[in-house]
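Just below is one structure, and these are the notes that go with it.
The values are calculated or read from the model by the stated rules, or taken from the named source; none is laboratory data. Values in this document were obtained by computation on a predicted structure and should not be read as measured data. Virtual Cβ from ideal backbone geometry, glycine too; neighbours counted across all protein chains shown. For the accessible areas, the whole protein counts, side chains as well, though only heavy atoms, and no ligand, DNA or RNA atoms are used. Shrake-Rupley method; radii C 1.70, N 1.55, O 1.52, S 1.80 Å.
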Amino acid sequence: IGGNVATVATSSPGVTAVAAVPPGKGEARGDCGAGPFSRQEPREAGSPCAARSLGGSPFCWDTRVGAVAVEDQPDVSAVLSAYNQQGDPTLYEEYYSGLKHFIECSLDCHRAELSQLFYPLFVHMYLELVYNQHESEAKSFFERFHGDQECYYQDDLRVLSSLTKKEHMKGNETMLDFRTSKFVLRISRDSYQLLKRHLQEKQNNQIWNIVQEHLYIDIFDGMPRSKQQIDAMVGSLAGEAKREANKAKVFFGLLKEPEFDVPLDDEDEEGENEEGKPKKKKPKKDNVGSKSKKQDPNAPPQNRIPLPELKDSDKLDKVMNMKEAARRVRLGPECLPSICFYTFLNAYQGLTAVDITDDSSMIVGGFADSTVRVWSVTPKKLRSVKTAADLSLIDKESDDVLERIMDEKTASELKILYGHSGPVYGTSFSPDRNYLLSCSEDGTVRLWSLQTFTCLVGYKGHNYPVWDTQFSPYGYYFVSGGHDRVARLWATDHYQPLRIFAGHLADVTCTRFHPNSNYIATGSADRTIRLWDVLNGNCVRIFTGHKGPIHSLAFSPNGRFLATGATDGRVLLWDIGHGLMVGELKGHTDTIYALRFSRDGEILASGSMDNTVRLWDAVKAFEDLETDDFTTATGHINLPENSQDLLLGTYMTKSTPVVHLHFTRRNLLLAAGAYSSQ
């Protein structure tokens, strides 16, 4: 390969070491990390894995040469050997403080941008010292400079401070992530030239090597960004998203509703006549089924992914939904929703998940004692189907056959589902209310029948706790995400996942389907949100800006926006089409576990561990957005200074953290949580 020597030495089956010797460098260096799969554990066959250029050498290795390597785990020593090239250990503090002095004395406009270098350089210089066994120098380097880092990196620094010996670096996940994914910084060309000139004049090769080896600098033309603009966007494990990551086209529009006739409502009409009022003419009631006649220009093609056919029962449900929608309250700053709070008593800190059916007839709780409990919240009790022997006696042609198959003896307002062997972290009802999903610490997702209240399938794919699961708005498909850092897309009738979404650097903590079911959003403990395309499994958006693990996601009903909540107590708003942050709602003082838009998208409700529900004006938050090409190209976002203008109300509970929120079809807000007696 152009005069270089590339050796592929297979030391043992399953571990392939690939080394390359670029011209003029005395030693082989390798960085053949496969992104998120940097753990020493078997990876899903065929999962995406990038063949990357080895340690900054001038050529890229052909995937054919390293075909074995691509499928294998990165050899830890190959990943760490990038730290071999070291400078004089005693000078590290001097290098760092020299750069610090240079940045602090640079012009204000460059200072904010260049300050982004402090954290990644600090980490890599520390790791380089540890790797080369200069333990005392490493310790003194850490003690001298760790206080200068931004407050939102404190948790990462705590992990880092415990790595004090070379051996510690071998099995540490955080470490390997830092290694195998380059830290991304967005810097204007002027600031970058300034830095480059400074480092070359000083001949500060050590820092320059780290910048080239471990950082990815995304350079843009134009004005440098201000401190506020940078602070809003940084804070994730791997820095910001590259601008390229948010360029792909996303079909965020809604699919056209199928058309079908809605029968006139006889009861309503008779009722009106009795009161002696004339019959109201009901305009165009025949095809209310067609919500929008025109195809949304931003919608995906109707058949882009196969969706299940509508059954007759689904059509009836749609009709019911439309009748309810006709009576829906129009919400707004002047007309806030009533809130009805379901408190779980005597749950002894054991409530770990809640879901409510779309028609608000059932509520489910997942508990730490590994049970799933389903309640009816209407006077109608929950009943199971009769036994096979009894069913054979029923007249199948009778009109009320659906009533007759139910066994009255089983009627109760609570059903308990046993099957998991660990806490249940996520629950989701199917849109047709026939099925229920639950996911657990035991690594499985279970599908339960709400006709028989028994478990139909256990889906095994995650080897570790599964933190969240959700049904597609059209049923049939569902998504799960867990501790193994990947999200999986399943279909109810397949044992194996259909797609594996790999890319997060830490646990996938929450998952949500886009209203058109073509995309899935995942939030992670790596403090990023990713949007995945169901069709091909590609990651089409990466959103950074939260300073803690993400715990809640909500798409706006029109499919254009995404709201996200995290342990940092902030709700961030994103424009999906442009891939931009467009708002930040501050007010909560603890983790946000629940987010929900009202049915027409006028209000965003957020629920938090701080025992409050807050209502925000979503219309105002999304109006007159500056999403011109320049903003999109450089990430110069201008967030309104004061999000208090958007806060419409704060509602306290006595001592109940809010775990779930749900707007009924008429826009009554239901909230749920377990009373905690501390």
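In this structure, does Ala326 turn out to be at pLDDT below 85 and among the hydrophobic types (A, V, I, L, M, F, W, C)?
Spelling it out, it is not the case that Ala326 is at pLDDT below 85 and among the hydrophobic types (A, V, I, L, M, F, W, C).
Answer yes or no as to whether Gly475 is open to solvent by less than 20 Å² (accessible area, probe 1.4 Å) and outside any strand (DSSP E or B).
yes
(1) of a type outside the set (Gly, Ala, Ser); (2) in a loop (DSSP other than H, G, I, E, B); (3) touching a residue at least 12 places away in the same chain (Cβ under 8 Å); (4) not assigned by the TED database to the domain that holds Thr612: which one isn't true of Glu324, the others all being true?
Unmet for Glu324, out of (1) of a type outside the set (Gly, Ala, Ser); (2) in a loop (DSSP other than H, G, I, E, B); (3) touching a residue at least 12 places away in the same chain (Cβ under 8 Å); (4) not assigned by the TED database to the domain that holds Thr612: (2).
Within region 131-146, restricting attention to residues that are under 34 Å from the mean Cα position of the chain (by Cα) and at pLDDT 85 or above, which residue is nearest to Asp568 (Cα to Cα)?
Within region 131-146, the match that is nearest to Asp568 (Cα to Cα) is His146.
So if I check each of Ser136, Ser140, which one is assigned to a helix (DSSP H, G or I), in the same structural domain as Ser181 (by the TED database) and open to solvent by 70 Å² or more (accessible area, probe 1.4 Å)?
That would be Ser136, the only listed residue that is assigned to a helix (DSSP H, G or I), in the same structural domain as Ser181 (by the TED database) and open to solvent by 70 Å² or more (accessible area, probe 1.4 Å).
So which residues in region 370-389 are more than 21 Å from Asp358 (Cα to Cα) and either open to solvent by 60 Å² or more (accessible area, probe 1.4 Å) or in contact with a helix residue (DSSP H, G or I) (Cβ under 9 Å, 6 or more places away or on another chain) (or both), if there are any at all?
Hits for region 370-389 are Val385, Lys386, Thr387, Ala388, Ala389.
Considering each residue of region 231-255, count those that are in a helix (DSSP H, G or I), under 15 Å from Arg527 (Cα atoms) and of a type in the set (A, V, I, L, M, F, W, C), and give that number.
2
Considering each residue of region 448-461, count those that are surrounded by fewer than 21 Cβ atoms within 10 Å (Cβ to Cβ) and part of a strand (DSSP E or B), and give that number.
Residues that pass the stated criteria total 7.
Any idea how many residues of region 470-521 are over 17 Å from the mean Cα position of the chain (by Cα) and acidic (Asp, Glu)?
Here the count works out to 1.
With respect to Phe251, determine if the residue is out of contact with any Gly (no Cβ under 7 Å at 6 or more places or on another chain), surrounded by fewer than 20 Cβ atoms within 10 Å (Cβ to Cβ) and outside the structural domain of Val571 (by the TED database).
Spelling it out, it is not the case that Phe251 is out of contact with any Gly (no Cβ under 7 Å at 6 or more places or on another chain), surrounded by fewer than 20 Cβ atoms within 10 Å (Cβ to Cβ) and outside the structural domain of Val571 (by the TED database).
Which residue pairs have Cβ atoms closer than 6 Å, lie 6 or more positions apart in sequence or on different chains, and pair a first residue in region 506-519 that is more than 13 Å from Trp532 (Cα to Cα) and part of a strand (DSSP E or B) with a second residue that is modelled with pLDDT of 95 or more and of a type in the set (D, E, K, R)?
These pairs meet every condition: Cys510/Asp468.
Ser421: in contact (Cβ under 8 Å) with a residue 12 or more places away in the chain, surrounded by 18 or more Cβ atoms within 10 Å (Cβ to Cβ) and within 30 Å of Val445 (Cα to Cα), yes or no?
Spelling it out, it is not the case that Ser421 is in contact (Cβ under 8 Å) with a residue 12 or more places away in the chain, surrounded by 18 or more Cβ atoms within 10 Å (Cβ to Cβ) and within 30 Å of Val445 (Cα to Cα).
Which pairs have Cβ atoms under 6 Å, sit 6 or more apart or on different chains, and link a residue in region 228-250 that is among the aliphatic types (A, V, I, L, M) to one that is at pLDDT 85 or above and assigned to a helix (DSSP H, G or I)?
From region 228-250, the pairs are Ile230/Ala112.
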